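Asks: There's a structure below that I have some questions on.
Read-outs: derived from the displayed coordinates by stated rules, not from any lab. Please read all numbers here as calculations on a predicted model, not as lab measurements. All Cβ positions, glycine included, derive from the backbone under ideal geometry; neighbour counts span all protein chains shown.
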Amino acid sequence: MTDPDPARVVADADVLVADLLAGGAARDALDHVRRHSWVDLAASDRLLDDAEAVVGRLADPDLAADWRERIEDERVAVDHPLDDHPGLASAYQSGAAHLLSFDESLRSARTGLSLQPYQGLSVRTPDAFAKAFDAASLYEATRGGEYPGPDRDPRA
Amino acid sequence: MATTTGEAVRDRVAFSAGEVTGALGDSVTVLPIVVALGATTAVSLPHVLVLFGAFQVVWGLAYGLPLSVEPMKALAGLAIAGALTAGELAAAGLLAGVALLALGAVGALDRVATVAGRPVIRGVQFAVALLLLETGLSLGLASLPLAGVGVGVALAVSLTGRRRTSALAVLAVGVGLAVAEAGVPSPTLPALAPFESGAPTFTPAAVEGTVAQLAMTVGNAAVATALLCSDLFDSDVSPDDLSLSMGAMTLASVPLGGIPMCHGSGGLAGKYAFGARTGGANVVLGVLYVAIALLAGGGLVMAFPTALLGVLLVVVAWQLGRAAAQSDDLFLTAAVGVAGLLVDVGVAFAGGALAYRYLRSRRSRSDSHIGLHSGTVRVRHRVRSLLQSDPFLPRRHLGSRMTETWADLFERADESSVDVETVRETLRERRDD
């Protein structure tokens, strides 16, 4: 098993949609990612298909299409078998250390135990991730040197 | 300024066939208005054209892009309609120039657009269109048969799918008739004198016109043009850069006998549609304007048929009115426009801005989240729809570089009140299917 990349994050479709439509903790969490060019957001096409469909259903298809266009510019694309869970499989295939989800079943001890043999993936709620995210420590651990501060506008 | 400073000048200023035809794209917007100004006011057309030519070259070389140089349409329209004298036009130009320099220096453009409210800005456009329409109709009555010829030419050109050039076609017919009557003029250099068209007169009307024009310039000339520079030329020109150059240009132009000028998005899109890709189109158009200026003095402008001038103004009014019809709030836009025609453009603008603020404050909490980005978002959508509806523009320019900012996306999403539980439930349903 390869070590997971602590600077790589997967947000399941519910978090991606909540980031766009609901704000709150999901947006706080993904703002950490958007603020730092060295933190990756990984996602498969299947995961984005799910999120786009939900945005289209709850808001409008034009917004969903524009969101898809934007997120595709930024994500690290990964591929996985069709029947796999898009969030878990995206995390597994990309070697991400964090999977953000509102789905309690993914955060259960049972799921955690079943995933641990494959990789050290941490499944968290966006709120927990947002509070625990320590950019300075993460930068020192992954890039080395002193953390220079955010290098991107999260609204750009 | 543009981020193309490292490129060779030859890459930024080319002289291909596309640059030559592209130069026409801007003149379509400029020539009908400045000729009408020259014919109906004390403004000196040769001086105006020389300065348009000079600044075409200046900005073409400075930005390396076919940036447009257009008259400030609200001020020009008010002057043509007689609501501003030439002196008031000069004063309004100086005020606008100072304001644009200040706004560009402190980076406050988006804020101004938001405070004014786009439906109100559209209303000002509509008011100017109505004033031009009224003036055009009264001039057209001078000779109904000739006006009929002008309308026929405009309609014929529009029916061939070249709607943008219909005003230019009417202008060409008018120039032809003027030359037939007055003869081919001998080239004359316009004399250099300060405030050739009259000393600036600072009146309430000049101030009102300035405020109304600034509201239009910020949205249409600064923000929309910056977006087009990015989308069509992948060039990083900020609205504040454009504001600074418009301010400097107007402050330099007005004392030398010119009129207030701006970088309109319509002219830039027109140049692109006609093939321009570099600042070379500006150099070509600059030389062309100066050449026309040499011939535009004397009796040629006075010989321009009044009825055709009326048709020209109606066509320009129609084009301005169509832009105003893109408003998000047609009722407010129409109210501002009609009040501007019947009462006063400045009063209509102030009243419209107050009404806009009041209507906004009554909206739901979710709408009240719409903040400083709303102007940019709507302009971006307008630019997108402009590009998508333009048959001249290649499809490849509607691709990935039109992606929106996160701020834009979040603002649009604000309109749908969705909670996390609904998101989870909807996703669960999809994945269970």
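Asks: Determine the distance separating the Cα centre of the stretch A:128-153 from the Cα centre of the stretch B:163-215; give it in Å without decimals.
Replies: Going from one Cα centre to the other spans 59 Å.
Asks: May I pose another question? Provide the descending list of Cα extents for the stretch A:5-142 along its principal axes, expressed in whole angstroms.
Replies: Principal extents (Cα only, largest first): 39, 34, 24 Å.
Asks: Then there is this: Suppose the chain between B:ALA108 and B:ARG322 were pulled fully straight at 0.36 nm per residue; how much longer would it get relative to their current alpha carbon spacing?
Replies: Extending this stretch completely gives an extra 74.2 nm.
Asks: Let me ask something else. 222 nm [θ] for chain A, helices only, -39500 (n - 2.57) per DSSP H run of 4+, per residue, to 500?
Replies: Result for chain A: -15500 deg cm²/dmol, rounded to the nearest 500.
Asks: Pull out a ≥ b ≥ c, the square roots of the eigenvalues of the alpha-carbon gyration tensor of the stretch B:142-269, then state rounded if a/c is under 1.5, prolate if not and a/b is larger than b/c, and oblate in the remaining case. Mind showing how you got there, number by number?
Replies: Values: a/c = 1.97, a/b = 1.27, b/c = 1.55.
Judged from the Cα gyration tensor, the stretch B:142-269 comes out oblate (a/c at least 1.5, b/c at or above a/b).
Asks: Over all Cα pairs of the stretch B:67-162, how is the pair count split among 5 Å bins, expressed in % and running from 0 up to the last occupied bin?
Replies: 3, 10, 12, 16, 21, 15, 9, 8, 5, 2, 0
Asks: Oh, and also: Would you tell me the mean number of C-beta atoms belonging to other protein chains that fall within 10 Å of each C-beta in A:7-15, as a whole number?
Replies: Mean partner-chain Cβ count within 10 Å for A:7-15: 2.
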